[in-house]
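K.L.:
I have a structure here, written as C-alpha cells, and I will follow up with some questions on it.
The values are calculated or read from the model by the stated rules, or taken from the named source; none is laboratory data. Note that this is a predicted model, so its numbers are computed, not measured. Quick reminder, even Gly has a Cβ in these numbers, built from the backbone with ideal geometry, and neighbours come from all protein chains shown. Keep in mind that these areas ignore ligands, DNA and RNA; they rest on the heavy atoms of the full protein, side chains included. Shrake-Rupley method; radii C 1.70, N 1.55, O 1.52, S 1.80 Å.
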Amino acid sequence: MLSRFVSGSVRNLEREYSCTVRLLDDSEYTCTIQRDAKGQYLFDLICHHLNLLEKDYFGIRYVDPDKQRHWLELTRSIVKQMKSQHPFTMCLRVKFYPPDPAALKEEITRYLVFLQIKRDLYHGRLLCKTSDAALLAAYILQAEIGNYDPGKHPEGYSSKFQFFPKHSEKLERRIADIHKTELIGQTPETSERNFLQKAQMLETYGVDPHPCKDVSGNPAFLAFTPFGFVVLQGNKRVHFLRWNEVTKLKFESKTFHVYANQREETKMTLTYFAPTPEACKHLWKCGVENQAFYKLEKSSQVRTVSSSNLFFKGSRFRYSGRVAKEVMEQSARIKREPPEIHRAGLVPSRSCPSITHGPRLTSVPRTRRRAVHISIMEGLESLRDSAHSTPVRSVSHGEAFIPRSRSQAADPGEGTAVIADEAYGPSDSVPPTPVADHGTEPPAAASRLINGAPRSIEEEESEAGTPARGDRGESGRAREGALAEVEQVNKFVLSVLRLLLVTVGLLFVLLLLLIVLTESDLDVAFLRDIRRTPEFEQFHSEYFCPLRRWFACKLRWVGSLLVSK
C-alpha cells in the first residue's frame, strides 16, 4: 500500500513542472503547471497576477536550446513547445504594440507598455534624434523620481541614470534642464502617457527587427509594426507596405517571401533570406499573426495559413486570438475601479541596466555599470532583451534614426527613405544612441555595452570566415548570386519529387479503395460491370484470392501463438 502511494506521488511530481516568467519590471512570477497545461492557462495566471484585462497586446516569449526565440502558442501544450529541460524560464513582453498606446483604457496597461518601450529605447530598437531623446528621458525621470528637488538631486544627478547605451554630458544636461523646468507637477501617470505619445510618433515604434539578407547578400532588418511591414537596410528604409497591401507571406527553408499589391494593382514580391530555417519560420509566424491582428475586422475572419501554395507541403499556422478592433471595442466596455499600480520595491533588471521603479528613486549609477556589464555577459543568456529574434553577425550601424512625421512614414510611394546617417543595426555590440541635432557629438564617445542575443562559439566560428560587407567585391556578389540560383533549382527539383510521390501515393490508395469496393457485396451497377470484365475475373482468381488466403493463414498462425501463450 505504501509503495503504491509513493509510486503515485512520484508520477504526480513527474507530471508537474516549475515555470518562472520574468515580467516587464524584472520581477519574477513562479508557478507550477501540469504536463498537459496549455499556454492559455499560464498566460491567464500571469494576467490575473498583474490584474490585467487588456491582455491581448502581450505575449510570453521563450528561447529554445538553439538560442532561437519563440512566442508561446496559447492553444498548444507548454511542455510540448518547450524543448529545454525544466524548470522552464520565459518572459512577458509586448507582442502587438498598440497603434495609439496613450489611448489605452487602463493605466496598468499603459504602464506595462511604457516599460516595454523604455526597454526598446535602451536596447536601440527605438531610435530618435537628441532633442526627442532628451524629452523621452526626462519623461522617464519625472515618472521615476518625481519633481526636481535641489535638496535630493545634486548637480549632475541625471548622469546617474542609464536611459541609452551611451550618454554625452550635453545630452545629460539637456535631460536635466527639461526635467527641472518643463515637467514640474506631472504625475507618474501623466509622464508615462506623454512618453507614450512621443514614442508612438517615432518611425521605429513597435519594431522588433529580424535580421536577414536580400538576394544580393546585403544585410537587412525586417519588422512588423502596427502600421505595416518595414524593411530597414543600411541607412535607409527601403520598403514600407501597409497591412492592407500585403497579400501573402510565404517561407521555404531560409527563404522568406512577401507578396503585395501597390498603386493600382501593381504587384510586387520581396525575397529575403533568414540565418536559419527556424528563424525564417519564426519570422513567418510573426508576420501572419501581426497581419491578422492589425488587418482583420473580426477574429472570425482568421483562416489557417499555409507557407506554401501546395497543400501537401509546408507549414500550416492559424492565429488564435482577438484582432485589434475587437480588443479596442472590448476595452471600451471595461467598467471597474482602476487597479493599484505598484511601482516600488521591484527587482533590478538582470537583462539590462534599465531604470528600476523603486520609491521614486533608483536606477543604475555609473559606478555600477561595469558590474552590470559583466552580469549582462554572464547572466541568463536565454532571456536577454536582444534587438532581434536570432543571433547574427554584428554589422556597422549608425548612431541615430532621424524620424519624420507619421504621415510621411505612411506614404509607400515616396521611394527609398533615408533614416540615418549610417546603417541601422540593433544587433551590433554597440547599441545606437541619439545623435546631436547639429552633429556635434562625436561617435567615439560611445561606451561599449553588450547588447543583443548571445552567440555560441560555433556561431562565432562560422561567422569568422564571412567577409565584411565593405570587403565583398563583385566576384563575391556574383558567387552568392550563383549559389542562390543553385538553391532555387534544388528547391524546384525537390518540389517536383514531392509532387510525384504524392501522386503515386494517391493512385495507390485509390486502387486499394477500388479493390475493396469491387470485392464487397455492394450491388451497384458500376461495380457490377467491373466485376463481369475478363480482366477483373483473372485478377480476382489469380492474384486477389491467393493473397487473401495467405493473409488469413498468417492471421490464424499469429492467433494460435497468442492463445498458446
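K.L.:
Take L507 and decide whether it is within 56 Å of the chain's Cα centre (by Cα) and modelled with pLDDT under 80.
P.N.:
In short, no.
K.L.:
What residue, of L74, L92, L112, L135, is farther than 29 Å from K325 by Cα and of a type outside the set (F, W, Y)?
P.N.:
Going through L74, L92, L112, L135 in turn, the sole match is L135.
K.L.:
Test each condition in (1) surrounded by 12 or more Cβ atoms within 10 Å (Cβ to Cβ); (2) more than 33 Å from the chain's Cα centre (by Cα); (3) of a type in the set (D, E, K, R); (4) at pLDDT 80 or above for R498 and report the one that comes out false.
P.N.:
Unmet condition: (2).
K.L.:
Can you tell me which residues in the range 112-137 are aromatic (F, W, Y) and at pLDDT 95 or above?
P.N.:
Of everything in the range 112-137, just one residue is aromatic (F, W, Y) and at pLDDT 95 or above, namely F114.
K.L.:
What number goes with the only condition from (1) at pLDDT 95 or above; (2) more than 23 Å from E73 (Cβ to Cβ); (3) among the hydroxyl-bearing types (S, T, Y) that Y294 does not pass?
P.N.:
Of (1) at pLDDT 95 or above; (2) more than 23 Å from E73 (Cβ to Cβ); (3) among the hydroxyl-bearing types (S, T, Y), only one is false for Y294: (2).
K.L.:
Go through the range 193-208 and count every residue that is under 30 Å from W284 (Cβ atoms) and open to solvent by less than 10 Å² (accessible area, probe 1.4 Å).
P.N.:
Of the residues in that region, 7 qualify.
K.L.:
Just wondering, is there one or more residues in the range 512-525 that are open to solvent by 100 Å² or more (accessible area, probe 1.4 Å) and in a helix (DSSP H, G or I)?
P.N.:
no
K.L.:
Taking the range 263-290, which residues are surrounded by 15 or more Cβ atoms within 10 Å (Cβ to Cβ), farther than 18 Å from H70 by Cβ and touching a residue at least 60 places away in the same chain (Cβ under 8 Å)?
P.N.:
Y272, F273
K.L.:
A further question on this structure: Checking the condition closer than 21 Å to D25 by Cβ and without any contact (Cβ under 8 Å) to a residue 60 or more places away in the chain, which residue from Q85, Q116, Q142, Q81 passes?
P.N.:
From the options Q85, Q116, Q142, Q81, the qualifying one is Q142.
K.L.:
Sticking with this structure for a sec: Can you tell me how many residues within the range 297-310 are outside any helix (DSSP H, G or I) and open to solvent by 40 Å² or more (accessible area, probe 1.4 Å)?
P.N.:
7
K.L.:
Filter the range 93-119 down to the residues that are part of a loop (DSSP other than H, G, I, E, B) and in contact with a strand residue (DSSP E or B) (Cβ under 6 Å, 6 or more places away or on another chain) and list them by number.
P.N.:
K95
K.L.:
Of the conditions (1) among the charged types (D, E, K, R); (2) farther than 21 Å from N218 by Cβ; (3) not in a loop (DSSP other than H, G, I, E, B), E264 satisfies every one except a single condition; which number is it?
P.N.:
In the conditions (1) among the charged types (D, E, K, R); (2) farther than 21 Å from N218 by Cβ; (3) not in a loop (DSSP other than H, G, I, E, B), E264 misses (3) alone.
K.L.:
Restricted to the range 121-165, and to residues that are closer than 19 Å to T204 by Cα and among the basic types (K, R), which residue is surrounded by the most Cβ atoms within 10 Å (Cβ to Cβ)?
P.N.:
Per the criteria, the residue is R125.
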